[in-house]
Amino acid sequence: MPISEMNYQLLNNTLKLQQIGLTAAELHGFISGLLAGGNRDETWRVLLADMINDGQPITGDLASQINKLHDDINQQLNESEFEFQLLLDEQNIFMQIDSLVGWVNHFLLGLGLVQPQLAKVKNDVGEAISDLRQIALLGYEEDEDPQELGFAFEEVHEYVRMATILCHDEFAGVKVSSTLH
């Protein structure tokens, strides 16, 4: 099933059962960062195992789910119709925001592992990376209006989605004439 249909809670529960200290959103963000950074070989498996499983290979049902997730992200990022979607917790706006912040943090981690010179990147991509670093610091007050947060979340969510595609276009060698603004 494609990412948009993947059950966030199912993947999240599998991660918990395996005692992996990541959410499904963070895992999706990390793999997205690796792919957007231009990773095209099997080293992503080693990087992921180092990060979530003390360097041990990931096996069983979790390995199957992660392989499917990787393949779906890769396919979406390589399509020219901007089909890429983030996998986030959708329980409520507060969970969505927390999920997005975790996604962005892990995206930047994955991206930085593949592209260690991120601080030197200029133009629209450099600006997008700088913006993502700011988004990774987002927070909210528990008493904020959920509807207002929802509108702001949708704008930030879409920006993160397009910034991911922009990074992939830059670092993975796929050139699509688009700008973020």
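The apolar share of the surface of the chain, taken as the fraction of accessible area on carbon and sulfur atoms (1.4 Å probe, ligands and nucleic acids excluded), comes to 49 percent.
Its relative contact order, with pairs defined as Cα atoms under 8 Å and 6+ residues apart, puts the chain at 31 percent.
Size descriptors for the chain, from the alpha-carbon set: Rg then Dmax equal 15.7, 46 Å.
Computed with the Debye formula from one identical point scatterer per Cα of the stretch 85-158, without solvent, the log10 of I(q)/I(0) at q = 0.15, 0.26 Å⁻¹ comes to -0.55, -1.24.
Just give me a number: lysine pairs in the chain, eight or more positions apart or cross-chain, with C-alpha atoms less than 30 Å apart. The result is 4. Counting only DSSP H runs of at least 4 residues, each contributing -39500 (n - 2.57), and dividing by the residue count of the chain, the helix-based mean residue ellipticity at 222 nm comes to -20500 deg cm²/dmol. Accessible surface calculations at 1.4 Å, restricted to protein heavy atoms, place the stretch 8-53 at 43 Å² per residue. Probing with 1.4 Å while keeping every protein chain in the model, the per residue accessible area of the stretch 112-179 equals 60 Å². Phi angles of the stretch 7-12 translate, via the Karplus equation with coefficients 6.51, -1.76, 1.60 and θ = phi - 60°, into HN-Hα couplings of 6, 3, 5, 4, 5, 4 Hz per residue; Gly and Pro are given as x.
The values are calculated or read from the model by the stated rules, or taken from the named source; none is laboratory data. Predicted model only: the values in this text are computed from it and were never measured. Remember, those area values only see protein heavy atoms, side chains included, never the ligands or the DNA or RNA. Shrake-Rupley method; radii C 1.70, N 1.55, O 1.52, S 1.80 Å.
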